[in-house]
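Each reported figure results from applying straightforward, stated rules to the coordinates on display, with no laboratory input. For clarity, every value in this text was computed on a predicted model and none was experimentally measured. All Cβ positions, even for glycine, are placed from backbone atoms using ideal geometry, and neighbour counts span all protein chains on display.
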Amino acid sequence: MSAAADVTTLQEVFGAKIWETLEFRGEHTIRVELSSLHDVLAHCHKELAYEMLLDISSLDHFGEEPRFEMVYELATLDDSKHLRIKAKVSEEEKAPTVTDLWMGAGWHEREVWDMMGIPFEGHPDLRRILMWEGYPFFPLRKDFPLAGRPTDMPDVAFTGVAPLEGGPFVTSGGSGDVARREPRAQVVE
């Protein structure tokens, strides 16, 4: 079967819950209702052999309602089929977790939560992954200023000397030949 055949199968199984299908340059995208997102993804995983979740990302359609859109990139193990599933999410809604389908989804969902502020219903460990706990903003939202926002950053960074400065794994600048500048060519005495 092909991804195009899988789209047809999903339309037959889920009917009106799939409200749009797109094909562009051989890539297939399905837009589904948020309420049926987990069921569609489970069907793709269990029945259509999309064993790999390549990525989970999100879009901010600032000024539209619903504001956000979840994007799931799926593939088969032999890389013969790719499928993109999208679902709109309003600011008041939660997206369903897919950690029960793909273990690696946890990290992707934590990143979407941390950067965009979309929570996931049923996620086993939904906490920030890039920003520190307690950070009040979501940096990938379109209303986040490019220059950032003032905030009290916890004292986690250091400004002292780098721990390996001048050590055996630091290259030497200069015009010598490349072999002499390589870290493995340096001898520590």
Condition broken by residue 82, with the remaining ones in (1) closer than 20 Å to residue 4 by Cα; (2) in contact with a strand residue (DSSP E or B) (Cβ under 7 Å, 6 or more places away or on another chain); (3) without any contact (Cβ under 8 Å) to a residue 60 or more places away in the chain; (4) surrounded by 15 or more Cβ atoms within 10 Å (Cβ to Cβ) satisfied: (3)
Test: residue in segment 32-41 that is within 27 Å of residue 111 (Cα to Cα), in contact with a Phe, Trp or Tyr (Cβ under 7 Å, 6 or more places away or on another chain) and surrounded by fewer than 16 Cβ atoms within 10 Å (Cβ to Cβ): yes
Condition met for residue 67 (charged (D, E, K, R), surrounded by 18 or more Cβ atoms within 10 Å (Cβ to Cβ) and in contact (Cβ under 8 Å) with a residue 24 or more places away in the chain): yes
Every residue from segment 63-107 that is of a type in the set (A, V, I, L, M) and either within 16 Å of residue 126 (Cα to Cα) or part of a loop (DSSP other than H, G, I, E, B) (or both): 77, 95, 98, 101, 103, 105
Residues located in segment 1-37, provided they are in contact (Cβ under 8 Å) with a residue 40 or more places away in the chain and assigned to a helix (DSSP H, G or I): 3, 6, 7, 34, 37
